[in-house]
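I have placed the structure first, in the form of structure tokens, so that the comments after it can refer back to it.
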Amino acid sequence: MAQLTRTESAEGEAGRLPAPPLAIETRGLRKEYGEQVAVHDVTIAVPRGEVFGFLGPNGAGKSTTVKMLLGLAFPTAGEARILGQPLGAVGAKRRIGFLPEQFRFHEWLRGEEFLDFHGQLYGLSRAERRRRIPEVLELVGLGGRGRDRLRTYSKGMLQRAGLAQALLNDPALVFLDEPTSALDPIGRREVRDIIRALKARGMTVFLNSHLLSEVETVCDRVAIVDRGHVVRQGTLKELLQASLDVDLTLGALDDAALRRIEEYGAIVAREAGALSVRMDDIEEVPRLVDALVRAGVAVYGVTPHRRSLEDVFLGAVEGEPSEVRSTQYEVRIHPAPVGAFGLPHSPPPFVLRTAYCVLPGAQR
Amino acid sequence: MKALVIARLTFREALRKRMIWGVVLLSIVFVALYAWGFTQVRDEFLREAARQGARGNGPGQILTLDFVSTIMVGLGFYTINFLAGVMTIFAAVGTIAGEVETGTFQAIVPKPLARWELIVGKFLGFAGMIAAYIALMATGVLITARVVAGYTPRTSCWRRR
Ligand SMILES: Nc1ncnc2c1ncn2[C@@H]1O[C@H](COP(=O)(O)OP(=O)(O)O)[C@@H](O)[C@H]1O
Ligand SMILES: [Mg+2]
């Protein structure tokens, strides 16, 4: 792999097995705006060729982090390397694409003129631009609209134009900040397909999103951010398999039987005749059932649930209380200053319902 | 040169500001008034010269039409200078702060170009526009002097025609 020798991280760890080359590597990134700390401490590693989901509620510091990585904001503290180069290196910038969150461009330009301008900024030759512009327009589903002025584009079309702009230089690493925020469900799916296609071409994608479903469907690796802190990080698989909840329908229980159960995992919910136990490994389930039967407890039903990313997310963002269920219950009855999805004014039940609609975790 | 890419866009954008066309309109009014005023001054001067001539004082020894024209052209340039200043302010004020605020810079700053290229490009774009404006206005004033008084400024005021 030629890429290996290019990254500093691989060189820096000479002697050990070469780590997978990193597209992004940050250590203790921090950004203060006066009194306010937008980003406390972000330490992440994004391997090349992966789709990395930066997931968090509104105001968590996702955009600020990306701005620091792109040189739009100077970090108050911490350091980062992008494509093996320090922040702000022009060489790395040549191979980076960025779709900003608040997508605003010079709306009086025609679509093609706009792309031509950005192509020039990337340093593409006239021939390259002439070849590349129709290509990216087609890719984002704006084929044939290049002659229209951006002013006449709908919000969704503008977002597509922004995406086209980010892909003009066929970057090695592309940052997408809430790329589907202005899109309808069909548009969202198209963007997901584009992201998958980019990954298939070996591109690294850094996806900022507060949409669980989006992250869950396209990302290889996820970092969950909350109030400026990275609270969870790992491959999607690792996050989802970290634990599972097992619903048990049981006959009469005595204290001894309860203690038995607690040897296998924490009891996260309990009603008459029904329990929910948080366990680490599905292989433990038959053993638990066996132990219950031995203890003389009647077992009527055992239903293991993988925790969905939503559970992991809510757990992480709410500070991982021991009871996920009660967390959800809390969301329902205590309107926190900012809801789980950063909808401060909407009544919490709406937040919950949205969560269930967007993320049918049980389908997985 | 990335700065030139920025300059070209800045130039085009500047031409889109309504204020600019307001100043241009004002400038056309100015040139028209200037031509009219110049004609009045010329006629007055020629009348006065003729009156003096009739009294036997001969044509103005010191105060020639060229001398009057020099003053008029100077006044014209002075006004252009002022208008160009107004134009510069209207065109360029808050341009960078504005682009930071609206967010158009968010897609431009991460591109492979240095900050100074962005600033220099902005400067060149506006400088180009103001230069074009000054050139046009100066041409208007000079043509007026030529047509009204047959006067063309010379590089040295001592040289005789
Ligand atoms: N330019 C700024 N000045 C002051 N505060 C800011 C600025 N940008 C962001 N913040 C604050 O930093 C926090 C994180 O914002 P942001 O990174 O935009 O969050 P996210 O993208 O995750 O929704 C928010 O509380 C926001 O109000
Ligand atoms: Mg954001």
In cubic angstrom per residue, the convex hull of segment A:22-239 built on its Cα atoms measures 114 Å³
Run through all the Cα pairs of segment A:60-122 and give the fraction in each 5 Å bin from 0, expressed as whole percent. 4, 14, 22, 21, 17, 13, 6, 2, 0
Averaged over residues of B:8-16, the number of beta carbons from other chains lying within 10 Å of each residue's Cβ is 2
Are there any chymotrypsin sites (Phe, Trp or Tyr not before Pro) in segment A:75-169 that are in a DSSP loop and have at most 15 other Cβ atoms within 10 Å? List them by number. A:108
Could you tell me which of A:127, A:97, A:87 has its Cα farthest along the dipole of segment A:78-137 towards the positive end, charges placed at Cβ (Lys, Arg +1; Asp, Glu -1), taken about the Cα centre? A:127
With solvent modelled as a 1.4 Å probe, how much accessible area in total do chains B and A shield from it at their shared surface, in Å² to the nearest 100? 2300 Å²
Could you order B:139, B:10 so the one with the most accessible surface comes first? Probe is 1.4 Å. B:139, B:10
Using a 1.4 angstrom probe and counting only protein chains, how large is the accessible area of residue A:230 in Å², to 10? 40 Å²
Distance histogram in 5 Å bins (all Cα pairs of segment B:61-112, percent per bin): 5, 16, 12, 11, 10, 9, 8, 8, 6, 5, 5, 3, 2, 1
With 5 Å bins from zero, work out the P(r) of segment B:114-153 over every alpha carbon pair and list the percent per bin. 6, 22, 15, 13, 11, 10, 8, 7, 5, 3, 1
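How many partner chain Cβ atoms sit within 10 Å of a residue's Cβ in peptide B:98-108, on average, as a whole number?
6
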Using DSSP to call loops (not H, G, I, E or B), can you name the trypsin sites (Lys or Arg not before Pro) in segment A:46-152 whose Cβ has at most 11 other Cβ atoms within 10 angstrom? A:147
Residue B:31 accessible area, assembled protein chains, probe 1.4 Å, Å²: 40 Å²
Solvent-accessible surface (1.4 angstrom probe) belonging to residue A:113, in square angstrom, nearest 10: 60 Å²
For segment B:76-137, what ratio Rg/Rh do Cα atoms give with a Kirkwood hydrodynamic radius? 1.09
Could you pull out every whole DSSP H run in chain B that spans at least 30 Å of Cα extent along its own axis and averages 1.0 or higher on the Kyte-Doolittle scale? B:65-92, B:115-149
Rg over Rh, two decimals, chain B (C-alpha only, Kirkwood Rh): 1.20
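The values are calculated or read from the model by the stated rules, or taken from the named source; none is laboratory data. Keep in mind the model is a prediction, meaning the values are calculated, not measured. We place every Cβ from the backbone using ideal geometry, glycine too, and count neighbours over all the protein chains shown. Surface accessibility is based on the protein's heavy atoms, side chains included, excluding ligands, DNA and RNA. Shrake-Rupley method; radii C 1.70, N 1.55, O 1.52, S 1.80 Å.
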